[in-house]
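Below is one structure, written out as structure tokens; the observations come after it.
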Amino acid sequence: METLKIDILNPKAKSILQDLADLKLIRIQKSKIKDEFQELLDKLRMKSDEAPSLDEITKEVEAVRKARYEKEKSDN
């Protein structure tokens, strides 16, 4: 089995694909968000010399949360 990602440019093509699925020649599956996120992550990592470690990511998230919390606290 071969999996392909296809961008449908014309709505008529979708009905043709559906006809093929009805004939059990192909199977149509919706792309999951996780797959799209993984593609984005892979693309970003290709441009980086070194991917950040889990600790680096955690520290950055904590710093952003702390700054947001302090800002919300000062706004009140």
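Please specify each residue of region 50-60 satisfying the condition of being more than 18 Å from the chain's Cα centre (by Cα) and not in a helix (DSSP H, G or I).
Glu50, Pro52, Ser53
Residues in region 40-49 that are more than 14 Å from the chain's Cα centre (by Cα) and either in a helix (DSSP H, G or I) or surrounded by 10 or more Cβ atoms within 10 Å (Cβ to Cβ) (or both): how many?
Within region 40-49, residues that are more than 14 Å from the chain's Cα centre (by Cα) and either in a helix (DSSP H, G or I) or surrounded by 10 or more Cβ atoms within 10 Å (Cβ to Cβ) (or both) number 1.
Looking only at region 61-76, how many residues end up being among the polar types (S, T, N, Q) and assigned to a helix (DSSP H, G or I)?
The qualifying residues number 1.
So for region 43-53 (the condition being of a type in the set (D, E, K, R), modelled with pLDDT of 85 or more and closer than 30 Å to Asp7 by Cβ), does at least one residue qualify?
no
Select from region 1-39 the residues that are in a helix (DSSP H, G or I), of a type in the set (A, V, I, L, M, F, W, C) and surrounded by 10 or more Cβ atoms within 10 Å (Cβ to Cβ) and list them in ascending order.
Ala13, Ile16, Leu17, Leu20, Ala21, Phe37
Out of Ile8, Ile26, Ile16, I need the residue that is β-branched (Val, Ile, Thr), under 22 Å from the mean Cα position of the chain (by Cα) and at negative phi. Which one?
Result: Ile8 is the single residue among Ile8, Ile26, Ile16 that is β-branched (Val, Ile, Thr), under 22 Å from the mean Cα position of the chain (by Cα) and at negative phi.
The values are calculated or read from the model by the stated rules, or taken from the named source; none is laboratory data. Since we're looking at a predicted model, the values are computed, not measured. Positions of Cβ are generated from backbone atoms using ideal geometry, with glycine treated the same way; all protein chains shown enter the neighbour counts.
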